[in-house]
Amino acid sequence: MFAESLFFKVVDMKKIQCLFFYLLFFYVCNAQDINSIIVQHEAERIEQILSSDSMEGRKIFTPGIEKAADFISAEFKKTGLQTLNGLNGYRQNFEMLRPKFISLSCTLDGLTIAEKNVVVITAQENLDVTEQSSYEKSAIDAQDNFFQKAMSLMESKKNSIVLVDTSFSKYFGRLLSFKKQLFAGRSNVIFILTNKNPQQYSIKAKHSFERRRLSNIVGVLPGKSLPEEYVIFSAHYDHLGIGKTENNDSIYNGANDDASGTTAVILLAKYFKALGNNARTLIFAAFTAEEPGGLGSQYFSKQLKAEQVMAMLNIEMIGTESKWGRNSAYITGYEKTDMGKILQNNLKGSQFEFHPDPYTAQKLFYRSDNAALARLGVPAHTVSTSKMDDEPNYHKPSDEMGTLDLDNMTEIIKAIALSAAGIVAGRDMPTRVDTGELN
């Protein structure tokens, strides 16, 4: 009996040894792949092009951002990425509408409501709504989180009339900011500041619209065994363009913000394509119009089923050292899911460390391109190193490639790739964002 037990222990030990050497071999091969693909000279090449003066600061609706879009598309094509379903190329084109107000009238149960107490969010030139229209009636009550409730109603895709409690009168005018985020074909939402629940109403509004095209750049690596589950790697490629001159320079190159993140997305696409073993479908997205309010990521989020997105790693400003020095970065909204812990766990034994966001007062979780999907429950976070209390080149012409630590930036991109391995392989399943706690 003892002999049999010893025999099986020896066999088990051999199996363990074989498994150990297999894992060691896999790790070494993986390390060789990453060190030959995510390399500093490639990061420098991509970063240099995106942040060059010829891109003119990549402001939306300028030749510079179109040039940047062409470059990113060419990199995705060279890598061998597929296009997103329904697209003819890597550009995910959409229209933004710039409204010009013409007229507005509103009555509730026969009483006229002042224009200042009505905000109409519409993509229609002529709007005529009564109680006979197929509009859903909603309310923002005194106990509600005003901006959270307003945002959720804006994203509901339903035509609706929203009765806003008068306790929010000092915030009501801020709803006009939604007019800057109009997509063609969006639903109509009418906000009315009132404490009444009218049975009869009439709202008439007229606008004219200027239509302008924007483009996200999106590439896809289909999953091998879990193709209906998505993992997104993203960054924004727009910046501020040409502006106020400082030190004889007027081009806001945006080398760190966010050519560094876009460089990371391109290199991550090359790396995972070379590995060729992703279980889940990987989507690589370079968003437009982050600077004026995350418009590109908002449009992108509406084209996917949120329940199919297992994780989103958005990358924003990784070109400088974090407050902890090199080989470190932070994750916004760290406490909202367990994704940060998953990423760090996959880096055990390395010198790299992910930290929770130290700038929580600035609410960075809601200020970058992860926010649109996070609001839908997706574990969507932004990875950054930017010292938001002391980043001397932020939104200045001095944000140029010469200010970046390209060696450290390259190591951060490697760390993102390795830390996401379990999510990409389908082994790790981050918890979802509790949308009831968003604020």
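The values are calculated or read from the model by the stated rules, or taken from the named source; none is laboratory data. All of these numbers come straight from a predicted model, not from anything done at the bench. Counting neighbours? That spans all protein chains shown, and the Cβs are built from the backbone with ideal geometry, glycine included.
Figures for the structure shown
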| quantity | calculated |
| --- | --- |
| Close pairs (6 angstrom Cβ cut-off, 6 or more residues apart or separate chains): of a type in the set (Asp, Glu) in region 41-69, buried (at least 16 other Cβ atoms within 10 Å of the Cβ) and part of a helix (DSSP H, G or I) anywhere | Glu44/Leu406; Glu47/Ala259; Glu47/Thr263; Glu47/Met401; Glu56/Gly64 |
| Residues located in region 232-251, provided they are closer than 16 Å to Phe61 by Cα and part of a loop (DSSP other than H, G, I, E, B) | Tyr237, Asp238, His239, Leu240 |
| Those residues of region 377-392 which are within 19 Å of His236 (Cβ to Cβ) and crowded, with 21+ Cβ neighbours inside 10 Å, in sequence order | Val378, Ala380, His381, Thr382, Val383, Ser384, Thr385, Ser386 |
| Any hit, region 364-373, residues being surrounded by fewer than 17 Cβ atoms within 10 Å (Cβ to Cβ) and at pLDDT below 95 | yes |
| Subset of region 309-336 [under 16 Å from the mean Cα position of the chain (by Cα) and of a type in the set (S, T, N, Q)] | Asn314, Thr332 |
| Check on Leu282, touching a residue at least 40 places away in the same chain (Cβ under 8 Å) and buried (at least 22 other Cβ atoms within 10 Å of the Cβ) | yes |
| Some residue of region 201-210 being of a type in the set (A, V, I, L, M, F, W, C), touching a Cys at 6+ places or on another chain (Cβ under 8 Å) and at pLDDT 95 or above | yes |
| Exclusive hit being closer than 23 Å to Asp53 by Cα, small (Gly, Ala, Ser) and outside any strand (DSSP E or B), set Ala274, Ala286, Ala264 | Ala264 |
| Hey, Ile331 in contact with a Pro (Cβ under 8 Å, 6 or more places away or on another chain), free of Cβ contacts under 8 Å to residues at least 60 places away in the same chain and either surrounded by fewer than 19 Cβ atoms within 10 Å (Cβ to Cβ) or under 17 Å from Val433 (Cα atoms) (or both) or not | yes |
| Filter result for Thr281 (part of a strand (DSSP E or B) and either at negative phi or acidic (Asp, Glu) (or both)) | yes |
| Verdict on Leu97 being outside any strand (DSSP E or B) and modelled with pLDDT under 95 | no |
| Flag for Ser398 being within 19 Å of Ala417 (Cα to Cα) and in contact with a strand residue (DSSP E or B) (Cβ under 8 Å, 6 or more places away or on another chain) | no |
| Restricting region 76-105 to residues that are among the polar types (S, T, N, Q) and more than 24 Å from the chain's Cα centre (by Cα), the residue that is surrounded by the most Cβ atoms within 10 Å (Cβ to Cβ) | Ser105 |
| Filter pass, Ile315 being farther than 21 Å from Glu228 by Cα and of a type in the set (Val, Ile, Thr) | yes |
| Residue list for region 147-168, filter: within 23 Å of the chain's Cα centre (by Cα) and of a type in the set (Phe, Trp, Tyr) | Phe147 |
| Number of positions in region 289-343 that are basic (Lys, Arg) and either part of a strand (DSSP E or B) or in contact with a His (Cβ under 9 Å, 6 or more places away or on another chain) (or both) | 2 |
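Okay, residues lined up against (1) basic (Lys, Arg); (2) closer than 22 Å to His207 by Cα:
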residue: Val129; (1), (2): no, yes
residue: Lys137; (1), (2): yes, no
residue: Gln143; (1), (2): no, no
residue: Ser169; (1), (2): no, no
residue: Ser177; (1), (2): no, yes
